[in-house]
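Colleague: Supplied in structure tokens, the structure appears directly below.
The values are calculated or read from the model by the stated rules, or taken from the named source; none is laboratory data. The model shown is predicted, which means the values in this text are computed figures rather than measured ones. We place every Cβ from the backbone using ideal geometry, glycine too, and count neighbours over all the protein chains shown. For accessibility, only protein heavy atoms count, side chains too; no ligands or nucleic acids. Shrake-Rupley method; radii C 1.70, N 1.55, O 1.52, S 1.80 Å.
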Amino acid sequence: MGLFNYEICILLYSRIIQKPKFQPFNSSFNLNPMKKIIGIRREDKNNWEKRVPLIPEDVKSLLTKNELEIVIQPSSNRIFPDKSFREFGAQISESLHDADIILGVKEIPIEFFEENKTYIFFSHTIKGQSYNMDMLKQMIKQKCNLIDYEKIINEDNQRLIFFGKYAGIAGMIEVFHALGEKLKLRAFSSPFEKIKQAFIYSTVDKAIHHIQAIGSELNEKGLDKNIGPLVFGFAGYGNVSLGAQDIFDHLPHQTLSPEDLVQNFNSLSSQNGMLYKVIFKEEHIAAPKDGKFDLSDYYTNPKKYDGIFSKWLPFITVLVNCIHWTKKYPRLLTKNYLSQHPKGKLIVIGDISCDINGSIEITHKSTFPDSPTFTYFPTEDKFKDGNYSEGITVMAIDNLPCEFSKEASTDFSKVLKSFIPNISNTNFDDSFDNLNLPLPIKNGLILHQGKITKNYLFMKNFLRK
């Protein structure tokens, strides 16, 4: 009898210790304890967020070539359906408790974090964004590791993993759409009013094909002479700006330097359908209080420089803002300037950078594709949602790449997947100096074991506020 009871105890114990830590969404799989587990969380910031950091084909490649398990939270909103990940070997589970490393795209809810885990996503904390400081504090409390895509940079300080190109592409299409509405409200008929919002085009190629047709119409029919010269000012020249220019360049245009714009403005005309493109760099945005402009010095000592962008504003119809901005740098556009020049030429702003109350001071909030614009009325210092004939209409969609989620995710994933094996093989219990990580990933490590790393010690000031 005693032996029988002993055997029952052994059987019960063996079943207990083999029970998984969580009940998987797909109960047919068992995780291999010898493999590192990568989790991909469901994006839930808003209904427009359909992107994914790794696409199904790249998940398959990683599983084939590495000792990994990949577990994905189910989502009915993601651009790639759950079944496509399952077909390529990923496991679908509501819980990511067993994952060692968790990938996301946008900010993660505070209650999601677990102790000692590694999280990789756009944290939007390095500018001291107040709305994400509680999230950062929770990660510190939980002794988490945080790798931010935005700070994965090479030796030349160039970002390696980004959605910026698609922000520019979608942003420029949205700007054209807003301009078409604005001109129509002012009783001007133009081909721009035929341009749809970016998300209505199923692919970038279809959007380009349509815009090329608009370009042909501009060439053939021109524009109402009373519209005047349509000058598009692009602030910045990085990936976001290049994406926007790729779309713009399908329309008939002439490229001018800022100086040529001012000097020749009175001779410009869009009557023949010609548009004008002007690219503004740092030296057009700020000037030293003493001496000559020096790019390195500007970034190191911005307080030695004054903002000068206002001298170009009287000549710009549409401003496409693509710059990286923090509070230590001068603004492109201020409320004070607009109060003094309420009837200027500027009618539409595409604030693709979308820093709230930032380089474009009148960007008082971000918008969504289903309500993409608001209008600022300088004489009243008031805002109104939507596009109106008077005032300055601002497009400030903050997750523009979502409008081309599949293509944006595919390009992003191609780069990210190359870093996953190194990250998964890293022992994050080692000291920071001994971490065996590629330099770009180590550059992006903001938190290590819950502590702010040496390149980001300035962020401690944000936490005190």
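Colleague: Can you name the residue in segment 238-295 that is over 23 Å from residue 188 (Cβ atoms) and aromatic (Phe, Trp, Tyr) and is also surrounded by the fewest Cβ atoms within 10 Å (Cβ to Cβ) among such residues?
Modeller: 293
Colleague: Quick check on my filter: what residues within segment 192-209 are part of a loop (DSSP other than H, G, I, E, B) and open to solvent by 10 Å² or more (accessible area, probe 1.4 Å)?
Modeller: 196, 197, 201, 202, 203
Colleague: Looking at (1) in contact with a strand residue (DSSP E or B) (Cβ under 6 Å, 6 or more places away or on another chain); (2) more than 30 Å from residue 200 (Cα to Cα); (3) open to solvent by 30 Å² or more (accessible area, probe 1.4 Å), can you tell me which one residue 429 breaks?
Modeller: So the condition that residue 429 fails would be (1).
Colleague: List, please: which pairs have Cβ atoms under 6 Å, are six or more places apart or on different chains, and start with a residue in segment 391-410 that is surrounded by fewer than 24 Cβ atoms within 10 Å (Cβ to Cβ) and end with one that is in a helix (DSSP H, G or I)?
Modeller: Qualifying pairs under 6 Å: 407/204.
Colleague: Oh, and also: Return the residue satisfying two criteria in turn: it lies in segment 253-298 and is aliphatic (A, V, I, L, M) and assigned to a loop (DSSP other than H, G, I, E, B), and of such residues it is farthest from the chain's Cα centre (by Cα).
Modeller: Taking segment 253-298 and keeping what is aliphatic (A, V, I, L, M), we get 256, 261-262, 268, 274-275, 278-279, 285-287, 295.
Filter once more, so that each one left must be assigned to a loop (DSSP other than H, G, I, E, B): 268, 274.
Working: 268: 35, 274: 31 Å.
Out of the qualifying residues, it is 268.
Colleague: So which pairs qualify, if the first residue must be in segment 342-370 and closer than 18 Å to residue 326 by Cα and in contact (Cβ under 8 Å) with a residue 24 or more places away in the chain, the second must be open to solvent by 30 Å² or more (accessible area, probe 1.4 Å) and acidic (Asp, Glu), the Cβ gap must be under 7 Å, and the two must be at least 6 apart or on different chains?
Modeller: Listed pairs, sorted by first residue: 354/398; 366/398.
Colleague: For segment 171-186, state whether one or more residues are among the basic types (Lys, Arg) and in a loop (DSSP other than H, G, I, E, B).
Modeller: Start the filter on segment 171-186 by keeping residues that are among the basic types (Lys, Arg), which leaves 182, 184, 186.
If we keep only those that are in a loop (DSSP other than H, G, I, E, B) as well, we get 186.
There is at least one residue in segment 171-186 that is among the basic types (Lys, Arg) and in a loop (DSSP other than H, G, I, E, B).
Colleague: Between a first residue in segment 317-329 that is closer than 22 Å to residue 341 by Cβ and a second residue that is in a strand (DSSP E or B) and acidic (Asp, Glu), which pairs have beta carbons less than 9 Å apart while being 6 or more apart in sequence or on different chains?
Modeller: 319/351; 320/351; 321/351
Colleague: Let me confirm something: among 150, 94, 114, which residue is open to solvent by 10 Å² or more (accessible area, probe 1.4 Å) and without any contact (Cβ under 8 Å) to a residue 40 or more places away in the chain?
Modeller: 114
Colleague: Now a separate question. What about residue 383, is it in contact with a strand residue (DSSP E or B) (Cβ under 9 Å, 6 or more places away or on another chain), outside any helix (DSSP H, G or I) and open to solvent by less than 30 Å² (accessible area, probe 1.4 Å)?
Modeller: So residue 383 fails the test.
Colleague: Output the residues belonging to segment 303-322 that are closer than 28 Å to residue 165 by Cβ and surrounded by fewer than 16 Cβ atoms within 10 Å (Cβ to Cβ).
Modeller: none
Colleague: Could you please tell me which pairs satisfy a Cβ distance under 9 Å, a separation of 6+ or placement on different chains, a first residue in segment 279-296 that is closer than 23 Å to residue 317 by Cβ, and a second residue that is of a type in the set (Asp, Glu) and open to solvent by less than 60 Å² (accessible area, probe 1.4 Å)?
Modeller: none
Colleague: One residue is enough: does segment 244-252 have a residue meeting the conditions free of Cβ contacts under 8 Å to residues at least 24 places away in the same chain, outside any helix (DSSP H, G or I) and touching a strand residue (DSSP E or B) at 6+ places or on another chain (Cβ under 7 Å)?
Modeller: For segment 244-252, residues free of Cβ contacts under 8 Å to residues at least 24 places away in the same chain, outside any helix (DSSP H, G or I) and touching a strand residue (DSSP E or B) at 6+ places or on another chain (Cβ under 7 Å): absent.
Colleague: Can you name the residue in segment 174-186 that is out of contact with any Lys or Arg (no Cβ under 8 Å at 6 or more places or on another chain) and either open to solvent by less than 10 Å² (accessible area, probe 1.4 Å) or free of Cβ contacts under 8 Å to residues at least 60 places away in the same chain (or both) and, of all such residues, is farthest from residue 322 (Cα to Cα)?
Modeller: Among those residues, the one meeting the criterion is 184.
Colleague: If the requirement is being closer than 27 Å to residue 124 by Cα, aromatic (Phe, Trp, Tyr) and in contact with a Leu (Cβ under 6 Å, 6 or more places away or on another chain), which of these qualifies: 383, 309?
Modeller: Within the list 383, 309, the selection yields 309.
Colleague: Counting only residues that are assigned to a loop (DSSP other than H, G, I, E, B), crowded, with 22+ Cβ neighbours inside 10 Å and either small (Gly, Ala, Ser) or more than 17 Å from the chain's Cα centre (by Cα) (or both), how many does segment 323-345 have? Steps first, answer last, please.
Modeller: Looking only at segment 323-345, we keep the residues that are assigned to a loop (DSSP other than H, G, I, E, B), and these are 323-332, 334, 341-345.
From the residues that got through so far, the ones that are crowded, with 22+ Cβ neighbours inside 10 Å too are 323, 332.
Subsequent filtering for residues that are either small (Gly, Ala, Ser) or more than 17 Å from the chain's Cα centre (by Cα) (or both) retains 332.
Number of matching residues: 1.
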